[in-house]
Amino acid sequence: MSETTLELVGKDKNVALITIKRAAKRNALSDPLVEELHDRFRNLPKEAKAAVITGDGEHFCAGLDLGELRERDAAEGILHSRRWHAAFENIQFGPVPVIAALKGAVVGGGLELASSTHIRVADKTTFYALPEGSRGIFVGGGGSVRIPRIIGVSKMTDMMLTGRVLNAQEGHDSGISQYLVEPDQLLEKAIALASRVAENAPLTNYSVTHALPRIADQTMTEGFMTESFISAIAQSAPEAKARLRAFLDDKANKVQRPDQSK
Ligand code: 1HE
């Protein structure tokens, strides 16, 4: 693996920090890099209970490596897009929750990559764009499926048709980032969130990342039925019973009021 690194971080060393290392090309996604991400997320170390993905340098990811964009016939184009789908599906529907640490350009395929993660932390240098329209192409990394579910069809349409660039605050207000922090806080915040997520019961994390988006896509009738099955399975796990018992025995944290001063 040459264009990404993986290290175990966090106080319990149970967070896999994956860094895209192509800063000279603004972490643009070449074919080998997409394959590498596919393998990284398929073969996470067993110690990893959550993951963080970020980019080296000042930018998260400048999207598709335009240097590789060449004449592809329709069949090759479909297969190329499907490789991206496979790689990003390993992120969205992999074994552990994934947190993206965003900065600088989150552009084109970079936004598609970010939208396949579960929690996005952005710093104030972040900007978002979908320049596919200006490049004469269309999203191909799952963007038309995932991005409207986050920001809505109308906002994505505007970004693609007019080349509109969202700044960090606009991206945050649109729901792309769930956390917005100062640049020097970015990685620390993402790792702290991942460490917190890693403390949850694994079956809860799996249900949230795998069942929740699928339930949200179902009709209400189907969704209620699926939810009842998932909740029954989750609560029957021995770990759930132990956690409920700990609360009743006054040995677990209570829900804290948010800090109103922030
Ligand atoms: C690249 C790429 C890239 C930079 N492919 N090489 N994505 C885009 O349309 C975004 C194109 N990139 C940019 O708009 C800018 O580069 C940035 C705003 C991301 C960063 O600007 P800046 O001033 O920091 O860097 P730079 O000087 O423009 O670029 C530095 C180098 O990175 C330069 O190469 P060099 O050899 O001349 O040093 C750039 O050519 C290179 N570089 N971005 C290849 N994307 C599955 S479908 C997905 C479809 C898409 O993603 S479309 C969107 C593509």
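FYI, it's all coordinate maths here, none of it is from the lab. Just so you know, these numbers come straight off a predicted model, no measurement behind them. Positions of Cβ are generated from backbone atoms using ideal geometry, with glycine treated the same way; all protein chains shown enter the neighbour counts.
Among 108-120, 68-80, 19-31, what's the highest-first ranking by average C-beta atoms within 10 angstrom per residue?
On the way: 108-120: 25.8, 68-80: 10.5, 19-31: 19.2.
The packing order, highest mean first, is 108-120, 19-31, 68-80.
Computed on the Cα trace of region 133-237, the radius of gyration divided by the Kirkwood hydrodynamic radius gives Rg/Rh = 1.06. Packing, taken as the mean count of other beta carbons within 10 Å per residue, orders the peptides 203-209, 171-177, 93-99, 228-234 from highest to lowest as 93-99, 171-177, 203-209, 228-234. The three principal axes of the Cα atoms in region 1-131 give end-to-end lengths of 48, 31, 24 Å, sorted in falling order.
The ratio of the alpha-carbon radius of gyration of region 51-200 to the globular-protein estimate 2.2 N^0.38 Å is 1.02.
Approximating the spin labels as points 7 Å out from Cα along Cα→Cβ, the N167-to-D249 distance works out to 5.3 nm.
Given R0 = 41 Å, the distance between the Cβ atoms of E239 and S2 translates into a calculated FRET efficiency of 0.60. Summarised in one figure, the compactness ratio Rg/Rh of the chain, Cα atoms and Kirkwood Rh, is 0.98. For a test of the definition: using alpha carbon positions, the gyration tensor, and the 1.5 limit on a/c, classify region 219-262 as rounded, prolate or oblate. In terms of gyration-tensor shape, oblate.
Given a Förster distance of 35 angstrom, what is the FRET efficiency for S231 paired with R135, based on the Cβ-Cβ distance and rounded to 0.05?
Working from the Cβ atoms, E equals 0.20.
Its Cα centre serving as origin, region 12-147 has a Cβ charge dipole (Lys and Arg +1, Asp and Glu -1) of approximately 340 debye. Candidate cross-link partners of K11 among the aspartates and glutamates, defined by an alpha-carbon separation under 20 Å and a same-chain spacing of 8 or more, comprise E47, D184, E188, E199. Counted residue by residue at 0.36 nm each, then reduced by the alpha carbon distance between them, the extension gain from A216 to I150 reaches 22.5 nm. Under 5 Å between amide hydrogens, built in the peptide plane, is the criterion, and for L64 it picks out L29, G109, G110 among residues at least 5 positions away or on other chains.
Beta bridges per DSSP, both residues in the chain: antiparallel share near 30 percent.
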